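Chemist: Take this structure, written in structure tokens, and hold onto it; I'll ask about it next.
Just so you know, all these numbers are worked out from the coordinates, no wet-lab data involved. Everything quoted here is computed from the prediction, not taken from an experiment. Glycine also receives a Cβ, built like all others from the backbone with ideal geometry; neighbour counts cover every protein chain displayed.
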């Protein structure tokens with residue numbers, strides 16, 4: 001049995017209307033650390049947007065590194081795989097990758113020159129691989145296609161989509177070659193940080209999604225047993241396929257997300273059954289948020305007083 005925990009979009013260091021949220025993020029990481037132990041997690045995936053900005057605060061970096069050190073010390077989860085999202089600095093994430101490797105943490109910040117470097121074999125029960133992870137980070141257009149003289153914006157979008165599809169085809173091909181070397185079935189997971197057309201987004205994500213061209217789920221092909229996606233903050237399956245999922249962000253990044261149930265996904269693989277078993281676990285609310293609508297100052301005061309009374313009980 002292999003148990004994988006799919007997370008994404010931590011956005012460590014994010015603030016809300018200039019209010020720091022260090023307390024919430026630390027509680028999230030504390031909860032995650034305990035969940036890894038309680039649910040016997042072997043592999044932790046972080047599918048992009050570890051940080052909220054390319055140059056995160058010292059506090060945000062300390063939380064991140066302390067968390068990785070702590071779960072390594074706990075000894076339950078011996079494999080952490082992290083990919084960069086569009087909010088992350090690839091260089092910043094990858095700078096300590098050799099040090100993090102001593103904590104059994106693999107970091108992929110950008111498309112690798114050798115596609116093989118994005119395909120990670122995970123051994124849990126011995127020396128032979130038990131799982132293969134195609135750790136594909138956010139793919140900006142410069143990494144998968146070139147602007148051609150005279151091409152229209154529509155042409156460039158199509159070239160970008162083709163480039164992303166080709167990238168997934170290449171990692172799938174190499175992962176399948178690795179799997180075929182084994183006498184037993186080895187599951188393959190793909191990671192991604194992108195917008196798949198049809199996914200439900202929050203109001204605050206609409207502008208960002210507009211710059212990340214919507215992809216058809218067909219780009220992933222048929223080689224992957226599970227596809228762990230990040231970028232969209234609302235948990236959901238993609239294209240009516242339960243094996244392609246956004247796990248969502250662990251805490252509300254804006255008020256438009258405060259009514260969403262936050263989750264992480266556990267994917268279990270059993271040697272006797274090649275179909276992964278998927279369980280969603282609810283992430284507790286670490287800081288209540290509420291949006292108030294009113295037409296007068298008195299109404300605002302009245303509703304605020306009610307919120308205070310409600311929270312006290």
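Chemist: Fewest Cβ neighbours within 10 Å first, please rank 258, 247 accordingly.
Modeler: 258, 247
Chemist: Continuing with the same structure: When averaged across all projection directions, what area in nm² does the alpha-carbon convex hull of the chain cover?
Modeler: 18.8
Chemist: Could you work out the relative contact order of the chain? I mean the mean sequence separation of Cα pairs under 8 Å and 6+ apart, divided by the number of residues, in percent.
Modeler: 18
Chemist: If you don't mind, there's one more thing I want to ask. Taking the Cα-to-Cβ direction at residue 282 and at residue 156 and moving 7 Å from each Cα, how far apart do the two end points lie in nm?
Modeler: 4.5
Chemist: Between residue 173 and residue 141, what is the label-point separation in nm under the 7 Å Cα-to-beta-carbon projection?
Modeler: Taking the simple label geometry, residue 141 and residue 173 are separated by 2.5 nm.
Chemist: Based on the Cβ-Cβ distance of residue 98 and residue 295, what FRET efficiency does E = 1/(1 + (r/R0)^6) give at R0 = 45 Å, to the nearest 0.05?
Modeler: Plugging the Cβ-Cβ distance into 1/(1 + (r/R0)^6) gives 0.15.
Chemist: On a 0 to 90° scale, report how tilted helix 58-74 is relative to the longest principal axis of the chain, with both axes built from alpha carbons and the result rounded to the nearest 10.
Modeler: Taking Cα atoms only, the helix is inclined about 60 degrees.
Chemist: What percent does the relative contact order of region 1-102 come to when contacts are Cα pairs within less than 8 Å and at least six residues apart?
Modeler: Once divided by the residue count of region 1-102, the mean separation gives 35 percent.
Chemist: Send over the per residue convex hull volume for region 55-139, Cα only, as a whole number of Å³.
Modeler: 98
Chemist: R0 = 45 Å: FRET efficiency of residue 73 with residue 222, Cβ-based, nearest 0.05?
Modeler: It comes out at approximately 0.70.
Chemist: Hey, what angle do you get for helix 153-180 against the long axis of the chain, alpha-carbon based, 0 to 90 degrees rounded to 10?
Modeler: 60
Chemist: Between 0 and 90 degrees, rounded to the nearest ten: what's the tilt of helix 22-38 against the longest Cα principal axis of the chain?
Modeler: Around 50 degrees separate the two axes.
Chemist: Per the helix-only calculation at 222 nm, which mean residue ellipticity applies to the chain, given -39500 (n - 2.57) for every DSSP H run of n ≥ 4 and division by its residues, nearest 500 deg cm²/dmol?
Modeler: Helix contribution divided over all residues of the chain: -9500 deg cm²/dmol.
Chemist: Taking other Cβ within 10 Å of each residue's Cβ, how do 274, 87, 17 sort, fewest first?
Modeler: Neighbour counts put them in this order, fewest first: 17, 274, 87.
Chemist: What is the distance in Å between the Cα centres of region 266-289 and region 164-181?
Modeler: Rounded to whole Å, the Cα centres lie 25 Å apart.
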